[in-house]
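Below is one structure; the comments refer to it alone.
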Amino acid sequence: MLKNYKELVVWKKSYRLCLGIYKITKKYPQGERYGLISQMRRAALSIVSNIAEGYGRKTTKEYIRFLYIAYGSTCELETQLLLSGDLGYLSKESLSEFQAKIGEVERMLKALIRSLENKRLTP
């Protein structure tokens, strides 16, 4: 049994993803400060925060709901990264690296959600 959310591998990976987004967006043009930079940071922060908040909720149903919100934020962040690549803010290598990290977090979130949903249905 896990002692807290910080022991979840998906939380650890999403935390590192969030740090990476904060670091990479420091290099974006200042004109994007209140646009893409802010949105990307908020989406990345939403992923890790919703995993943590959901873990702290009282019911499995609530936990699953927060994990779905985190999953939605991975989709949002991936879209913003694609846009960043097309605008020339990210190199193809950086874009691929971040897409791989997001893909891993997405797969882990789906697996955790599926596991919790199956657990809830089992008598």
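What the table below lists for this structure:
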| read-out | value |
| --- | --- |
| Only listed residue being charged (D, E, K, R), more than 16 Å from residue 113 (Cα to Cα) and in contact with an Asp or Glu (Cβ under 9 Å, 6 or more places away or on another chain), chosen from 78, 7 | 78 |
| Some residue of segment 58-74 being more than 27 Å from residue 3 (Cβ to Cβ) and either in contact with a Lys or Arg (Cβ under 6 Å, 6 or more places away or on another chain) or free of Cβ contacts under 8 Å to residues at least 24 places away in the same chain (or both) | yes |
| Count - residues of segment 76-101 that are farther than 14 Å from residue 25 by Cα and among the small types (Gly, Ala, Ser) | 2 |
| Close pairs (9 angstrom Cβ cut-off, 6 or more residues apart or separate chains): closer than 18 Å to residue 71 by Cα and modelled with pLDDT of 95 or more in segment 17-46, of a type outside the set (Val, Ile, Thr) and not in a helix (DSSP H, G or I) anywhere | 40/28 |
| Neighbours by Cβ (under 7 Å, 6+ apart or cross-chain): first from segment 95-115, under 15 Å from residue 15 (Cα atoms); second surrounded by fewer than 14 Cβ atoms within 10 Å (Cβ to Cβ) | 108/9 |
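Let's see how each residue does on (1) at negative phi; (2) among the polar types (S, T, N, Q); (3) modelled with pLDDT under 95:
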position	(1), (2), (3)
57	yes, no, yes
64	yes, no, no
86	yes, no, no
101	yes, no, no
106	yes, no, no
118	yes, yes, yes
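The values are calculated or read from the model by the stated rules, or taken from the named source; none is laboratory data. Remember, it's a predicted structure, so these values are computed and weren't measured experimentally. A quick note on method: Cβ atoms are made from the backbone with ideal geometry, for glycine too, and the neighbour counts reach across all protein chains shown.
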